[in-house]
Structures are given as C-alpha cells and as structure tokens.
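*Asks:* Supplied in structure tokens, the structure appears directly below.
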Amino acid sequence: MPNAVTYHVPGATLTEREHTVPLDHAATDGPRISVFTREVSAEGGEAKPYLLFLQGGPGMEATRPTAPPTGWMKRALRDYRVLLLDQRGVGRSTPVGAQIPGATPQEQANYLTHFRADSIVRDSEVIRQELNGGQPWSVLGQSFGGFTSMAYLSIAPHGLREAFITGGLSPIGRTADEVYSRTWQRAIAKSKGYFERFPDDRQRARDIFKQLADEDVRLPGGDRLTANRFRMNGMWLGRSDGWELIHNLLELPFGSAAFLWDAEAGASHFQRNPIYATLHESSYADGVATRWSAARTKPAEVDADGYFCGEHIYPEMWQDYGGLRAHAAAAQILAEYEWPRLYDAAVLRQNDVPVAASIYTNDLYVDRDFALESAATIRGLKAWETAEFEHNGLRADGERVFSTLFDLLH
C-alpha cells in the first residue's frame, strides 16, 4: 500500500497517494513510473464505494477539488468516495514535459506508446488492487476519460461495478479519417452558427487570418501567431461559454497587447501539457495509423471561408508552438505508427457491466451518430441524448448531468 497523506478541507477529507506502476505493463521488470491519486470523501461519513474519475485529454491531470466540493463531485460524494487520477505523464504523475525520455526520436516515440488509454486502464487496475482489495469499483469518464472507460470495459470489465460516461462514446473500429471528416463538418457548422450570432465577426475573422498569413506577428512568448494557430481558438466553440470567448477575442484591436495575450492563452494547454498534442490523434487510432488525419481531411472551405477548427491537430503545430518543438521528430514517428486496437467489439457486445452515457447532440468533438453507434454496440448501455449541453456539460452543470446518469442506473 502506498504511503498516504491526509488532510481536511471544508466539507471533505482528501487523501493523496503516489503509486508505482510499470512503464510497460507487458514488461513488469522494466522501468517504473509514478501515478498520483487524490481521494475525496465526505467529511465525517462512513467509507463508501469508490468512484474513479477519468479526466478528459489525452494528457490532462484530474480535476482539482474545491472546498467545499461543488458540481458533479458534490453529488457523487453522497454515494461514493471519489478517486481523482492524474493520468500517467501529467500533473503529479511522472510528467512528460517538453523533453521526452529517450536518446533518439525512435526511443522517445517508443516511450510515448505507453501513454494511451490502454495503459491508463492497466494503471487503474494496479491501483484498484492496492486500494479496493481487488473488488470492482465504479468509474466516471469525461470525454477522453469516456474513451478510457470504453477501453476498461474491453480490457478489464471484471474490475468495474458500473460506468458513467459523459461526452465520451468513442467510435469503435472506425478509421481516424472517418472520425476527423465528421468533426470537420461539425467545426464548419459551429463556425457558421457563430457568424450568424455575431455577423460582424465574419469579416473581422477573415481580415485577421489574412494579416496573420502576410505578417510576422509575434506572441508575448515569442512564437509567431500563424493563421493555423489562431484558428485553434475554435476549440472554444465546443464549450457552453465559448462563443462569447471567441467574440471577446475578435473584438480586440488586432496586434494590441490584450489581443496577443488572449490569442496565446486560447490554446496554451498544448504548451502546458505537450502530450495533449503529440498523442491526440492516437486517441482515434483503433488499430490504425493516423498519418496526420486531421490535416489530410481538412476541407478547403475551412481556409477559404475563414472558419475555425476544433481539436484538429496539424504537423506545423510542432513549429508554431515553442513548447512542442522538441516533440516534433517523435510526433512524426507516431503519426506513422500502427497502433493496436483500443476496443474489443466482441467483448462490448457481451458486456454485463451497467453503463450510462450522455450523448450531446451538438457535440463539437464527439460525433453524435458515431456515439449512438457505439452505444448500440455496448450491451445494456443506457443512453441519455440531450441538446441542452455542449461537450463540457459535466463542467457546466455537473450536478445535473451526473444525477441524470446515476438515476438511469439506480
């Protein structure tokens, strides 16, 4: 059992642990890394069943709890003690920063092949044995965490008592090109909707894209603000408050200090957690190589009409973002890597773990039709489709979202 540090905050008791796991779960005598968890339990309550929270990403650490707990966590603590897992490579787990371990790009790429959802599932199984005596536990997966929950259902369903998935039903057996072709159409539709709400911003956006293509505009951190990098602010279109954030950016005078600071901050997560970019397309590599799928499937109208993108990774990012440049060679190798399957459709069709999932009709990142297809594949899954929320429904009104899924299963 790993050493634990426990402290109290208003409304909750927090227990922090560092778990040691193999870098490669197929080579248990090889290098080891640390994975961090923070357990949150209601103050003064009895020990309740575990609910493991799997964060979105890839490459994002777990939610940090508030004091007192709010949102979905406040609701969950009525029935569970929540275990917040920092995925391997980020947060307080052994981090992968700008420099990837390994003497050569090939060694670095090999290292990163152990940081997908399948490895996170196996980390979770080690931790379950340590904390829960081998008994199954519940899991809540948001976005990429939902993809990881599906991998859990495929790899180690015996470890799960039940699963809640929010905005995270990944396509099963689909190619990366199929996935990105759909999400590009959603990004175009969201961009058109945005310009209908803020019609004056259409020409303003076109002017900005043209200026950035013609001029060497530098961000406060020293990187050039390219048209492609500015287009990444379209990721905000997938949030309930994101349209206003884009409008607030576009209304600022071009080239002003405020404009440049906000444009840099808009996609700062790629620099803060570099594996978010370097491993992103691998999330959709269910037995295939991606070969820069998002860039290859981009419709010409995106550039021609001044539209934004979503989570669409492009090879030039490893030059546009200073914090990614040291990953460039490894990223190129990973783009050609034939990834193993993430999901076992045969196992999922025989699933006997209770599963409830939210499907957001207008989700920018997770295609609704593919999500329904996956929901039909997972035996017994209870789906709640709603147009009320964007992809960040768990953050926007987590208490309601989690309560709805909980009631579906209970």
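The values are calculated or read from the model by the stated rules, or taken from the named source; none is laboratory data. Just so you know, these numbers come straight off a predicted model, no measurement behind them. Counting neighbours? That spans all protein chains shown, and the Cβs are built from the backbone with ideal geometry, glycine included.
*Asks:* Which of the residues spanning segment 1-16 are part of a strand (DSSP E or B) and among the hydrophobic types (A, V, I, L, M, F, W, C)? Walk me through how you get there before you give the answer.
*Replies:* Just the residues of segment 1-16 that are part of a strand (DSSP E or B), to begin with: 4-9, 12-16.
Hits for segment 1-16 are 4, 5, 9, 12, 14.
*Asks:* Which is on the phi < 0 side of the Ramachandran plot, small (Gly, Ala, Ser) and exposed (fewer than 13 other Cβ atoms within 10 Å of the Cβ), of 285, 257?
*Replies:* Working: 285 fails: exposed (fewer than 13 other Cβ atoms within 10 Å of the Cβ).
Residue meeting the stated conditions: 257.
*Asks:* All but one of (1) under 23 Å from residue 225 (Cβ atoms); (2) outside any loop (DSSP other than H, G, I, E, B); (3) under 19 Å from the mean Cα position of the chain (by Cα) hold for residue 261; which doesn't?
*Replies:* Here residue 261 clears every test but (3).
*Asks:* Continuing with this model, one more query. Only one residue in 242, 234, 221, 238 is closer than 30 Å to residue 153 by Cα and in contact (Cβ under 8 Å) with a residue 60 or more places away in the chain, so which one is that?
*Replies:* Details: 242 fails: closer than 30 Å to residue 153 by Cα; 234 fails: closer than 30 Å to residue 153 by Cα; 221 fails: closer than 30 Å to residue 153 by Cα.
Exactly one residue qualifies, and that residue is 238.
*Asks:* Sticking with this one: Hand me the list of helices (runs of 4 or more DSSP H) wholly inside segment 73-157 holding 2 or more residues that are without any contact (Cβ under 8 Å) to a residue 24 or more places away in the chain.
*Replies:* Values: elements: 105-112, 117-132, 144-155.
By residue number, 105-112.
*Asks:* Another question, then. Can you tell me which condition residue 276 does not meet? The list is (1) in a helix (DSSP H, G or I); (2) surrounded by fewer than 21 Cβ atoms within 10 Å (Cβ to Cβ), and all the others hold.
*Replies:* Failing condition for residue 276: (2).
Okay, residues lined up against (1) farther than 28 Å from residue 374 by Cα; (2) polar (S, T, N, Q):
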{"site": "98", "(1), (2)": "yes, no"}
{"site": "103", "(1), (2)": "yes, no"}
{"site": "107", "(1), (2)": "yes, no"}
{"site": "113", "(1), (2)": "no, yes"}
{"site": "118", "(1), (2)": "no, no"}
{"site": "141", "(1), (2)": "no, no"}
{"site": "152", "(1), (2)": "no, no"}
{"site": "155", "(1), (2)": "no, no"}
{"site": "163", "(1), (2)": "no, no"}
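*Asks:* Just give me the residues in segment 219-235 being exposed (fewer than 13 other Cβ atoms within 10 Å of the Cβ) and more than 15 Å from residue 325 (Cβ to Cβ), in sequence order. It would help to see each step written out before you state the result.
*Replies:* In the first step, residues of segment 219-235 are kept if they are exposed (fewer than 13 other Cβ atoms within 10 Å of the Cβ); the result is 220, 222.
Passing the criteria: only 220.
*Asks:* Within segment 363-390, can you find the residues that are over 27 Å from residue 122 (Cβ atoms) and either part of a loop (DSSP other than H, G, I, E, B) or hydroxyl-bearing (Ser, Thr, Tyr) (or both)?
*Replies:* 363, 364, 367, 386, 387, 388, 389, 390, listed by residue number.
*Asks:* Further question on the same structure: Could you list, in sequence order, all residues of segment 17-55 that are over 13 Å from residue 114 (Cα atoms), assigned to a strand (DSSP E or B) and touching a Gly at 6+ places or on another chain (Cβ under 8 Å)?
*Replies:* The answer is 36, 42, 53, 54.
*Asks:* Being more than 18 Å from residue 153 (Cα to Cα), loosely packed, with under 15 Cβ neighbours inside 10 Å and in contact (Cβ under 8 Å) with a residue 60 or more places away in the chain is true for just one of 407, 363, 369, 352. Which residue is that?
*Replies:* Details: 407 fails: in contact (Cβ under 8 Å) with a residue 60 or more places away in the chain; 363 fails: loosely packed, with under 15 Cβ neighbours inside 10 Å; 352 fails: more than 18 Å from residue 153 (Cα to Cα).
Every option except 369 fails the conditions.
*Asks:* Given the residues 38, 17, which is the only one that is farther than 30 Å from residue 311 by Cβ and of a type in the set (Lys, Arg)? Talk me through it step by step, then tell me what you get.
*Replies:* On the way: 38 fails: farther than 30 Å from residue 311 by Cβ.
Every option except 17 fails the conditions.
*Asks:* Is there any pair with a first residue in segment 1-30 that is of a type in the set (Lys, Arg) and a second that is surrounded by 16 or more Cβ atoms within 10 Å (Cβ to Cβ) whose Cβ atoms are under 6 Å apart and which are 6 or more apart or on different chains, and what are they?
*Replies:* 17/37
*Asks:* Of all residues in segment 194-206, which are surrounded by 13 or more Cβ atoms within 10 Å (Cβ to Cβ) and part of a helix (DSSP H, G or I)? Please lay out each step first, then the result.
*Replies:* Narrowing segment 194-206 to residues surrounded by 13 or more Cβ atoms within 10 Å (Cβ to Cβ): 194-195, 198, 201-202, 204-206.
Across segment 194-206, the qualifying residues are 194, 195, 201, 202, 204, 205, 206.
*Asks:* Report yes if some residue within segment 32-43 is surrounded by fewer than 18 Cβ atoms within 10 Å (Cβ to Cβ), under 18 Å from the mean Cα position of the chain (by Cα) and modelled with pLDDT of 95 or more; otherwise report no. If you could, list the steps in order and put the result at the bottom.
*Replies:* Taking segment 32-43 first, the residues surrounded by fewer than 18 Cβ atoms within 10 Å (Cβ to Cβ) are 32, 34, 43.
Cutting the leftovers down to under 18 Å from the mean Cα position of the chain (by Cα) gives us none.
Checking segment 32-43: not a single residue is surrounded by fewer than 18 Cβ atoms within 10 Å (Cβ to Cβ), under 18 Å from the mean Cα position of the chain (by Cα) and modelled with pLDDT of 95 or more.
*Asks:* Kindly provide the set of residues from segment 332-354 that are under 24 Å from residue 100 (Cβ atoms) and touching an Asp or Glu at 6+ places or on another chain (Cβ under 9 Å), ordered by number.
*Replies:* Start the filter on segment 332-354 by keeping residues that are under 24 Å from residue 100 (Cβ atoms), which leaves 332-340, 342.
Passing the criteria: 334, 335, 339, 340, 342.
*Asks:* Counting residues that are at pLDDT 95 or above, over 21 Å from the mean Cα position of the chain (by Cα) and within 21 Å of residue 114 (Cα to Cα), which helices (runs of 4 or more DSSP H) fully inside segment 301-362 reach at least 2?
*Replies:* On the way: elements: 317-320, 328-335, 345-349.
Fully inside segment 301-362 and qualifying: 328-335.
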